[in-house]
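Chemist: Got a structure for you, questions after.
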Amino acid sequence: MAGSTAADISKKIDAMHGELKLIRAKLEALEEVLSEEEVSEDDKKALEEALEEHKKGKTIPLDEALRKLK
């Protein structure tokens, strides 16, 4: 920023402030959408079954599954 005037710096700070406000608004909107999203009963059941299979050692690592598919 060598050679920048105070007015130039102020404009850049204002622009950055505007960008931060936009980012904050988008983040808040995303957080709102994610917090409102509910898991269906079918999804809950599938997740519980998958966790149970994992606990019983009936699952394999993803990289191993990918190797078997090749």
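Chemist: Under 16 Å from the Cα of LYS26, which aspartates and glutamates turn up, not counting those fewer than eight places away in the same chain?
Modeler: Those aspartates and glutamates meeting the cut-off are GLU36.
Chemist: Taking Cα extents along the principal axes in Å as the quantity of interest, determine which of (i) 47, 20, 16; (ii) 67, 34, 20; (iii) 40, 22, 16 was computed from the displayed structure.
Modeler: Of the listed options (i) 47, 20, 16; (ii) 67, 34, 20; (iii) 40, 22, 16, (ii) comes from this structure.
Every number in this text was worked out from the coordinates using simple rules, so none of it is lab data. For clarity, every value in this text was computed on a predicted model and none was experimentally measured.
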